[in-house]
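To start, the structure itself, in structure tokens.
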Amino acid sequence: MGIGHVLGVLGGALLAHAAYATVQYHAVLKITEEEFSRPPMDVMMQLLLGLALCMWAGLAVPAKFLSVLPHSEENSIGEVITHGCK
């Protein structure tokens, strides 16, 4: 498991925690009968950091991209169609 995977899991955990914190904050506002305008600043920072980490992981984790051209050597489906299935 590389650093990209770790950052992705950490980013996902931050996003999940920010969602949970927002729901909890909304519940407290219901009890105190205050109006919900936006999440607290610490939750906003968690959202931005989690988004940045997930985006970094999304760019760092993917493996080698395969060609989509039908006559490409890298495309195994193209080889099956060209050479026939035996």
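The values are calculated or read from the model by the stated rules, or taken from the named source; none is laboratory data. On a predicted model such as this, the values are computed, not experimentally measured, just so you know. Every residue, glycine as well, gets a Cβ built from its backbone with ideal geometry; the counts of neighbours run over all protein chains shown.
For the reader, a short list of remarks on this structure follows.
- Cβ-Cβ under 6 Å pairs, at least 6 apart or on other chains, region 25-53 side surrounded by 12 or more Cβ atoms within 10 Å (Cβ to Cβ), far side among the β-branched types (Val, Ile, Thr): Pro39/Thr22; Val43/Thr22
- Count of residues meeting criterion [of a type in the set (S, T, N, Q) and surrounded by 13 or more Cβ atoms within 10 Å (Cβ to Cβ)] in region 12-24: 1
- Region 32-86, subset in contact with a His (Cβ under 8 Å, 6 or more places away or on another chain) and either modelled with pLDDT under 80 or outside any helix (DSSP H, G or I) (or both), residue farthest from Ala19 (Cα to Cα): Thr82
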